[in-house]
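The values are calculated or read from the model by the stated rules, or taken from the named source; none is laboratory data. The structure displayed is predicted, hence computed values, not measured ones. As a convention, Cβ positions derive from the backbone with ideal geometry for all residues, glycine included, and neighbour counts pool all protein chains shown.
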Amino acid sequence: MNILETVNLSKTYGKGENKVEALKNINLVIEKRKFTAIIGPSGSGKSTLLHCIAGLDSITSGRVILDGEDISKLSEDKLSKLRSRKFGFIFQNFNLIPVISVYDNIVLPIDIDNKKIDKKYIDSIIDILGLRDKVSKFPNQLSGGQQQRVAIARALANKPEIIFADEPTGNLDSNTTDEVMNLLRFCVDEYNQTLVMITHNDEIANSADNIINISDGKVI
Ligand code: ADP
């Protein structure tokens, strides 16, 4: 079953001489409760694609269909609600807030959405991620791998249907990369979440259920 699909999705940056056709007529499907890897050379359009299907960036033409609904025409307000309810994001540079504790970083998406915190669920994520003794620390007191685990906990806190990840292990050593990948796999297999991840790591791509290969703004 598909959770998300694109129909003739195109994205163009700039105008005239500065025009860049970053995505050209992309038609793809993302299967529900599967791990889809997005691969391709640098500059091929992977981040643009991820941002467009996750409602973080506007598209130039085509459609992005989530659970049967075209989300490409939604207002920024509706899109922002949809993102905070249904999507979780993990980026390479963590994007943690330095002035609040690890715990507050983790539950931030729930606070923003004015939802009730499911303490039991959050506790289980914190334990699985090995962050129990870090919750009252600040992000800069943690190593890179620990900070990435906090970012993952934050992405999972809202029980998102889809986790979008842009090279989340790009700054991590190989042991931490394995830990993070095991956890994300666990989310797909045990929490029935859908994972869409950009990666340059062949081993990670080969562990995916589906691979989308982007070259020069097209799916190949
Ligand atoms: P990748 O993630 O595969 O490295 P990107 O999606 O970042 O590729 O970039 C695809 C193309 O779009 C590149 O030519 C890049 O220079 C261009 N691009 C990306 N973001 C912008 C932007 N904000 N403004 C103009 N061009 C952009």
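Give the residue, chosen from Ile112, Ile97, that is modelled with pLDDT of 90 or more and on the phi < 0 side of the Ramachandran plot.
Ile97
Considering only residues that are among the β-branched types (Val, Ile, Thr) and within 16 Å of the ligand (Cβ to nearest atom), which ones fall in segment 153-196?
Matches in segment 153-196: Thr169, Val196.
Restricting segment 121-164 to residues that are under 18 Å from Ile90 (Cβ atoms) and among the charged types (D, E, K, R), which is modelled with the lowest pLDDT?
Per the stated criteria, the residue is Lys159.
So which pairs qualify, if the first residue must be in segment 97-111 and closer than 14 Å to Gln141 by Cα, the second must be among the polar types (S, T, N, Q), the Cβ gap must be under 8 Å, and the two must be at least 6 apart or on different chains?
Ile97/Asn105; Pro98/Asn140; Ser101/Ser136; Val102/Ser136; Tyr103/Ser136
Exactly one condition in (1) away from the ligand (no atom under 16 Å from the Cβ); (2) under 18 Å from the mean Cα position of the chain (by Cα); (3) among the aliphatic types (A, V, I, L, M); (4) in a helix (DSSP H, G or I) is false for Ala205; which is it?
Unmet for Ala205, out of (1) away from the ligand (no atom under 16 Å from the Cβ); (2) under 18 Å from the mean Cα position of the chain (by Cα); (3) among the aliphatic types (A, V, I, L, M); (4) in a helix (DSSP H, G or I): (1).
Please count how many residues of segment 127-146 are among the polar types (S, T, N, Q) and outside any helix (DSSP H, G or I).
Within segment 127-146, residues that are among the polar types (S, T, N, Q) and outside any helix (DSSP H, G or I) number 2.
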